[in-house]
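The values are calculated or read from the model by the stated rules, or taken from the named source; none is laboratory data. Since the model is a prediction, treat every value here as computed from it, not as a measurement. So basically every Cβ, Gly included, is an ideal-geometry build from the backbone, and we count neighbours across all protein chains shown. Only protein heavy atoms, including side chains, enter the accessible area calculation; ligands, DNA and RNA are left aside. Shrake-Rupley method; radii C 1.70, N 1.55, O 1.52, S 1.80 Å.
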Amino acid sequence: MYKNIKLHPKHNILIFLIFNIAFLSAIGNAIAQDISKNPVRKNIVADTLKKDTSSLISKDAIKTDIEYTSSDSIVFDLSEKKAYLFKNAEINYEKINLKSGYIEINFDTNTVYAKALKDSTGKEKEKPLFTDDKGESFTSETMKYNFKTKKGLIKNIFTEQGDGYMHGLTVKKDKQDVTCVKRGSYTTCNLEHPHFAIEFGKAKVIPDDKIVTGPAYLSVEDVPTPLAVPFGFFPNKKGRKSGILVPGYGESATRGFFLENGGYYFGLSDYFDASLRGDIYTRGSWGVKLSSNYKLRYKFDGLIDLKYANDVIGDLDLPDHAIQKNFLINWRHNQDPKARPSSRFSANVQMGSVKYNRLNSYNPTNYLSNNYMSNVSYNKSWKFGNLSLGFSHRQTLQDTSIFISFPELAFNANRFYPFKNKSRVGAARWYQSIGASYILNSRSELNTKDTLLFKPGIFSKIQSGIKHSIPISTSFKIFKYFNLTPTFNYNERWYFKTIRKRWVDTLVNGSDTIVHFVKTDTIEKFNTERDFNFSANLTTKIYGMLQFKKGFIQAIRHVITPSVGFFYCPDFGAEKWGYYKTVKSDITGNTEKYSIYEGTMYGSPPASKSGSVNFSLSNNLEMKVRTPKDTVNPVKKVVLIENFTISNSYDLAKDSLNWSKIIMSGHTRLLKNIDITYSSIWDPYIIDSTGKNLNKFEWDKNHRLIRLTNTDWNLGLNWNLSKKTKKDKKKTSKEATAEEINNIYSNYDDYIDFDNPWTLNLAYNMRYTKTHIPKVTPKETLIQTFSFRGDLSITEKWKVGFTSGYDFKTNKFSYTSIDFYRDLHCWELKFNWIPFGFRKSYLFTINVKSSVMQDLKLTKKRDWRDL
């Protein structure tokens, strides 16, 4: 290949002078003979004559160097002032680039002509590809372009315009880069012969602005359709573009005729946008939605979504007629971890009316959700500790209860060692490992119903408090194999109000009846409470190994981790502390003890002395197996029991029923796909006819150590057959930007992944409860549920997804959804079907993939509200 062959603008005149000046004729003949013998010239050097010829240069001469190359040959015709480039030809002029199989340059007229080459079968190859200084590119059958006037004439063009593609039979390009197209089409299909297009007779393309056409109609697979418009308008700007959002239309049996999701999109800048949409129904319902995305690269990104709906339920003349005003607020904010490594702000807010999702959302996840939850936090760290500020919110949709916590403050000081001697050489003393820390927590909470949230007097129900904690602990070995960890905890709580209870005897108005009750008074006064406790934990590990010289199994290892703990807390219910008081509770004179901190944020100190000894025994079982066929890893580890723990405790402060119930729990994973979780509760004491424990062991009466009360089993199977060689290997695309790919991975469930031929997730849950009452048949309760979800790629273009489950107690299927998806290259087909249940419905959609023509779609549905 010959590269970097340059012809200076002055060379046009100099070559002409060579043939007209007599004393240079010999040089001209030599050059002509050299060209005739060897038409491929590697370099053309500048003339070394000192004579000033600038006055002889034509005004139409090219002012900039032209660089051109080809892989076959370059032929110069000096008499015609032309150059011919064959095979993989390329020209660079200023910021203009032209590639083609054949290029002809006319230096006299400053024009270039390009066309495709044909192979032995007559098929065209190396079609002209023209790229201008705006970054726009054109592919065509033939092309003629003037470097001086920057005008061009193109035949059978194919070019990318913004997010779409333009086809044209004849195209003219003027020096303002405005393109006029005759007999063309516009489409978002990237094929040279597209599946669909908007056909038109003529059009004008204004770069980085718009495309305007005359009368146009839709053509699908070269078949004209009756869908036509008097003119066409397509945005041609790069980046965000403002425009109208065309609504979807249809009819609902309960809401009437409707227009949904119509509005306007505001492409405000590269950093944020906004869309305003609305819904309107002929039977009175309507809704408004405002959404905005924002992003500052390497700093943060987020989404704000506000929704309001006026839902009309039932007919006007029927008793069930009602009007509900529902709203929903969503806000997500994420900070780039690299933006500020020592501080971070994040937000995930979702709050709204109880019935908004049930009446206005088609998303099954939103419909099945029972809660709205919010969390806003700011974290700051220093060398000595870290600070956290936050707001949290939880709203239960079933009983309309709402919980708000604001402000939340937490400060944790890093652990320090007051007795540590930094200059000491050798092993440290036991007391030098004593470490302490400081923890501050402050919070205000409100727990109420959402209907009472803005009612008068609601602020009096807010609970506030501040808690200080100082944990002091150390750890050291005893008897070489045992690790002892003693801990002392000091707590101090600050409250801004306490309570006092008193017995009241009063007459009912207008009668002689005396009413007796306990009245609670709130004392608005700052108060403090202090308590402390001590604990210690002793643990070790015991290893057992069984090895096999032959066979599939090489070894089995069993690890046992026994642990013994001790806990002690003094009696803070004594009168000297002042935390508890007594009040008369009935007319007979009986009294009861109560805490003045009852119902406060961080609770009350323990009302009595407590002490306990805790026991636990954890087990891990693994084996190594031989795999001769695997030369890289001839021995593999297989986990049989990841963890199985037995725990129990003995209460030193009780006078009876000192032993607690025994808890057994475990977890393991088999064959990399099966997760098993197990838990059970066993009672060492017998029960009476009411089900209450008696101070008598099961062994003494029933000759068994313990009695099963309930057990839970959870079995999960997850299969995923993927074509990927690495699970964490991200995909790349020539058509998508890095931001678009990151968005796909951030919202993976919203996209179709054909690289996974199939996925299947199964979950089985069983809860068994058995109550043994003397002289009564044991009462047994068995609850079983089974759920499954997954998807299947039937072909490279067809995919089916499903979600369902079964409740063995009610003998009914749970929420069931079946989804079909068909990739039609530039189109896509989606069908969602909920065959039964409260949300029974279907939705069929076929639409263009590109967002430029997102309103070119056909939708057919039967809404669950219509049933």
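The table below gives the values:
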{"quantity": "Space enclosed by the convex hull of the alpha-carbon atoms of region 296-432, per residue, Å³", "calculated": "192 Å³"}
{"quantity": "30 Å Cα-Cα threshold exceeded, pairs from LYS449/LYS809; LYS477/LYS549; LYS95/LYS172; LYS123/LYS830", "calculated": "LYS449/LYS809; LYS477/LYS549; LYS123/LYS830"}
{"quantity": "Spin-label pair LYS541/ASN88, simplified geometry with 7 Å Cα→Cβ offset, distance in nm", "calculated": "6.2 nm"}
{"quantity": "Label zone at PHE644, where the point sits 7 Å out along the Cα-to-Cβ direction: region 557-595 residues whose backbone N lies under 18 Å", "calculated": "557-563"}
{"quantity": "Charge dipole magnitude, Cβ of K and R +1, D and E -1 - the chain, Cα centre, debye nearest 20", "calculated": "2660 debye"}
{"quantity": "Potential lengthening between GLN432 and LEU303 on full extension [0.36 nm per residue; Cα-Cα distance subtracted]", "calculated": "41.3 nm"}
{"quantity": "Accessible carbon and sulfur surface of the chain relative to its total accessible area, %, 1.4 Å", "calculated": "57 percent"}
{"quantity": "Paramagnetic reach from LYS125 in region 64-107 [backbone N under 20 Å; point 7 Å along Cα→Cβ]", "calculated": "69-74, 85-91, 99-104"}
{"quantity": "Estimated vicinal HN-Hα couplings, Hz - region 137-142 in sequence order (Karplus 6.51, -1.76, 1.60; Gly, Pro = x)", "calculated": "10, 10, 10, 8, 7, 9"}
{"quantity": "Theoretical FRET efficiency, 1/(1+(r/R0)^6), r = Cβ-Cβ of PHE476 and LYS383, R0 30 Å, to 0.05", "calculated": "0.65"}
{"quantity": "Farthest toward positive dipole pole in the chain [+1 Lys/Arg, -1 Asp/Glu at C-beta], among SER433, THR513, TYR265", "calculated": "SER433"}
{"quantity": "Accessible area of the chain divided out per residue, in Å², using a probe of 1.4 angstrom", "calculated": "61 Å²"}
{"quantity": "Two-site FRET efficiency, GLU796 against VAL223, from Cβ-Cβ distance with R₀ of 35 Å, rounded to 0.05", "calculated": "0.85"}
{"quantity": "Stretchable slack from THR769 to PHE831, in nm (0.36 nm times residue separation minus alpha-carbon distance)", "calculated": "18.1 nm"}
{"quantity": "Rounded FRET efficiency, nearest 0.05, which uses the C-beta distance separating SER369 from ARG502 and R0 of 51 Å", "calculated": "0.65"}
{"quantity": "Range of Cα positions in region 596-662 per principal axis (Å), largest first", "calculated": "72, 32, 14"}
{"quantity": "Rg/Rg_globular for region 443-501, with Rg_globular taken as 2.2 N^0.38 Å and Rg from C-alpha atoms", "calculated": "2.05"}
{"quantity": "Candidate aspartates and glutamates - alpha carbon under 16 Å from LYS241, same-chain residues fewer than 8 apart omitted", "calculated": "ASP163, ASP208, ASP209, ASP270, ASP273, ASP855"}
{"quantity": "Separation in nanometres of the label points that stand 7 Å from Cα toward Cβ, at ILE206 and ASP177", "calculated": "1.4 nm"}
{"quantity": "Gain on full stretching of the segment that runs from ILE783 to LEU359 - 0.36 nm per residue minus C-alpha separation", "calculated": "149.5 nm"}
{"quantity": "Loop trypsin sites (Lys or Arg not before Pro), region 382-451, which have at most 10 other Cβ atoms in a 10 Å radius of their Cβ (DSSP)", "calculated": "LYS383, LYS422, ARG424"}
{"quantity": "When each of LYS307/LYS840; LYS118/LYS151; LYS420/LYS654 is checked by Cα-Cα distance, pairs over 31 Å", "calculated": "LYS420/LYS654"}
{"quantity": "q = 0.16, 0.21, 0.23 Å⁻¹: log10 I(q)/I(0) that the Debye formula gives for region 623-713, counting C-alpha atoms only", "calculated": "-0.77, -1.04, -1.14"}
{"quantity": "Exceeding the 29 Å Cα-Cα cut-off - candidates LYS87/LYS150; LYS584/LYS661; LYS82/LYS127", "calculated": "LYS584/LYS661"}
{"quantity": "PHE697-LEU484 pseudo-label distance in nm [points 7 Å out on the Cα-to-Cβ vector]", "calculated": "2.9 nm"}
{"quantity": "Net +/- balance of residues flanking ILE514 in space, Cβ distance below 14 Å, scoring K and R +1, D and E -1", "calculated": "-3"}
{"quantity": "Hits among aspartates and glutamates - C-alpha to C-alpha of LYS692 under 19 Å, sequence gap 8 or more where chains match", "calculated": "ASP651, ASP655, ASP683, ASP700, GLU780"}
{"quantity": "Average silhouette area of region 528-605, convex hull of alpha-carbon atoms, in square nanometres", "calculated": "10.9 nm²"}
{"quantity": "Region 430-533 - Rg over Rh from alpha carbon coordinates, Kirkwood radius", "calculated": "1.26"}
